[in-house]
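Chemist: Have a look at this one.
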Amino acid sequence: MVDTFASNQPKQYSTGSDVLDEILAGGYPAGRTTLLTGTPGTGKLTLAMQFLQAGLENGDSCLFISTEQPIDELHEAFAPFTFDLTHEDLDITSLHARTGRTFESDDPELVIETFDDGEIIGEGFSAPFNAERIPQVLERYSDADRVVLDSISGLRPMSENPDVYRRGVLDLIQLFNDDFDATALFTAEHLGSGPRSNHVESLSTPDAVQYNVYGVIRLWREQIRDSFRRFLDVMKMRGVNHDTRQLELTFSTEGIRVIPRNRTTPEELAIRTDLPTGIPGLDDLLGGGLPFGSGTVLTHGGQAKLDPLLFSMVSTALDENLSVVLVPRVKTPPEHVAKWLQRSGESLTDLRDENRLFVLDAVGAWGSGPNVYDLQDEDAGLTYLIQEIENRQNGDGLFMLFNTEAQVHTVGREEARQFRYWLEANLLNENHTLVDIHNPKVMGAEIADFFEDAASQVIETWREASGLQYLQLQKGDVGAVGDVRLVDHTTEPPFIQLE
């Protein structure tokens, strides 16, 4: 599903979920601490215990530390699951704050209370609940390979000073990761707004803990129609090029199920062949490229730069010995096409003379040169023109790149609809593929929706006010549907790549 930075990728420990392991390219980074944060009832505790159970099955020594629940409540909470809380390699302890006496002060203060009396240091005296003594209490568990602390919010009483609290949390991270050489999970309650506000990601924990940990995974509930559903996404995981899309959570007796494993048909099961786009990252996003035998729609908002994207497709189609049929955009006159083709080592004149390039001119910019057909000629319909081109073309098939805005505005919506139906029924086959390009706001939402509904693949590219251009696969039988990639323009062919 995702790649990793192989040069510095640390060893990883299974999360207990195959899908989450796949998203994290193997699991939680070993010897590091990851934060599970989210609203109550979203499954943080279950996902954390699932991590420990996976460790027990692997022969690891595991430690569960509760700051909020007594032992009987833990057993009750996990009763519906197949978790083994009495396993010989699982230690369960607590770090609860209660009022008591210490040697350091005669006045009552917060002291550490555990499931046993291990921290009673003298008759009537206990260890103070502070950033210095808490790590000392846990030192006896130094053989742990996996540690869960549920929850970090329960350690707030160790100091009213946020800097001291943060330092105490960092000391615990260092204790588990450096001294124990363990992999740790911290949970944290989040009682604020959802994971996004005004389309900007928000950190799902109210303090600075997320800056100390190696990774952050968020869980939340969201209403879908009339049902509340649980979701998860990976906000950060240092050193891992992880999947950033949200996934859904469901419960089973084995713990939490993270779904879906695949949002589309697995590529090995897909019944289709593809034309590569020639763009690094795009073919991977699309699950192979542009499908033969069906159509792709590329939508844009009018600000995105399209030429490098489109001419990379054209160049690859020519390399694959396909003939190209263009309905050019208004901003794509013959001189412009000639320059882009020249960058790919092709000649506009030669391609037209060899019947490898045909133009359906909707704006009257191409004159009456070879293989140029006037869409405004009422005596020749689109169906007739494409049939003639198919008979004359000198390649192994057709790559059709149509500006549907110009097409619709020239021949009308109804003829454009009928032509698209005809293409699907009579022309699109294992040798031909189609890409329709349009700005839905310019062409009109209704006809734009028609073209997108007819296509098997829909791609959107747009430019933010910041000047950054993005691309997303919105629809597809295969590929990473919903994934968003940054568009980076380069000075070398194919002049574009996705990050």
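Chemist: At least 2 residues that are of a type in the set (A, V, I, L, M) in each: list the helices (runs of 4 or more DSSP H) lying fully within the stretch 366-442 that qualify.
Modeler: Per the criteria, 382-392, 404-411.
Chemist: Search the stretch 373-417 for residues being out of contact with any Phe, Trp or Tyr (no Cβ under 9 Å at 6 or more places or on another chain) and among the polar types (S, T, N, Q), and hand back the single one that is surrounded by the fewest Cβ atoms within 10 Å (Cβ to Cβ).
Modeler: So the residue we want is Asn391.
Chemist: Taking Ala304 as meeting all but one of (1) surrounded by fewer than 16 Cβ atoms within 10 Å (Cβ to Cβ); (2) outside the structural domain of Ser17 (by TED's automatic domain parsing), write down the number of the exception.
Modeler: (1)
Chemist: Which of (1) without any contact (Cβ under 8 Å) to a residue 12 or more places away in the chain; (2) not in a loop (DSSP other than H, G, I, E, B) is the odd one out, the single condition Arg485 does not satisfy?
Modeler: Result: Arg485 passes all but (1).
Chemist: Can you name the residue in the stretch 313-333 that is surrounded by fewer than 22 Cβ atoms within 10 Å (Cβ to Cβ) and more than 21 Å from Leu382 (Cβ to Cβ) and, of all such residues, is modelled with the lowest pLDDT?
Modeler: Per the stated criteria, the residue is Lys331.
Chemist: Given the conditions (1) assigned by TED's automatic domain parsing to the domain that holds Arg463; (2) modelled with pLDDT of 90 or more, and given that Gly255 satisfies all but one, which numbered condition is not satisfied?
Modeler: Single failed check for Gly255: (1).
Chemist: Could you please let me know if Leu375 is more than 24 Å from Asp307 (Cβ to Cβ) and within 43 Å of the chain's Cα centre (by Cα)?
Modeler: Here the answer is no, as Leu375 does not meet what is asked.
Chemist: Do you know which residues across the stretch 367-390 are in contact with a helix residue (DSSP H, G or I) (Cβ under 8 Å, 6 or more places away or on another chain) and touching a residue at least 60 places away in the same chain (Cβ under 8 Å)?
Modeler: Ile386
Chemist: Another one. Being among the charged types (D, E, K, R) and within 13 Å of Thr42 (Cα to Cα) is the filter here; which residues of the stretch 218-247 pass it?
Modeler: Arg218, Arg221, Glu222, Arg229, Arg230, Asp233
Chemist: Here's a follow-up. Could you grab me the full set of residues in the stretch 441-499 that are buried (at least 16 other Cβ atoms within 10 Å of the Cβ) and basic (Lys, Arg)?
Modeler: Within the stretch 441-499, Arg463, Lys475, Arg485 qualify.
Chemist: Hey, another quick one. Which one of the conditions (1) in contact with a Pro (Cβ under 8 Å, 6 or more places away or on another chain); (2) within 18 Å of Ile437 (Cα to Cα) does Met313 fail to meet, given that it meets all the rest?
Modeler: (1)
Chemist: Being out of contact with any Ser or Thr (no Cβ under 7 Å at 6 or more places or on another chain) and closer than 25 Å to Trp422 by Cβ is the requirement here; does Val337 meet it?
Modeler: Taking the combined requirement at face value, the residue does not satisfy it.
Chemist: Under the condition of being in contact (Cβ under 8 Å) with a residue 60 or more places away in the chain and assigned to a loop (DSSP other than H, G, I, E, B), which residue from the stretch 136-165 is surrounded by the fewest Cβ atoms within 10 Å (Cβ to Cβ)?
Modeler: Residue satisfying both the conditions and the ranking: Asp143.
Chemist: Next up: For the stretch 219-310, which fully contained strands (runs of 3 or more DSSP E) count at least 2 residues that are hydroxyl-bearing (Ser, Thr, Tyr), within 26 Å of Ala445 (Cα to Cα) and touching a Cys at 6+ places or on another chain (Cβ under 7 Å)?
Modeler: By residue number, no strands (runs of 3 or more DSSP E) qualify.
Chemist: Do the conditions hold for Gly345, that is, is it under 27 Å from Asn439 (Cα atoms), modelled with pLDDT under 95, among the small types (Gly, Ala, Ser) and surrounded by fewer than 21 Cβ atoms within 10 Å (Cβ to Cβ)?
Modeler: no
Chemist: Taking into account only those residues within the stretch 33-73 that are over 11 Å from Val148 (Cβ atoms), in contact with a Phe, Trp or Tyr (Cβ under 8 Å, 6 or more places away or on another chain) and of a type in the set (Gly, Ala, Ser), which is surrounded by the most Cβ atoms within 10 Å (Cβ to Cβ)?
Modeler: Gly38
The values are calculated or read from the model by the stated rules, or taken from the named source; none is laboratory data. These numbers were taken from a predicted model, which means no experiment stands behind them. We place every Cβ from the backbone using ideal geometry, glycine too, and count neighbours over all the protein chains shown.
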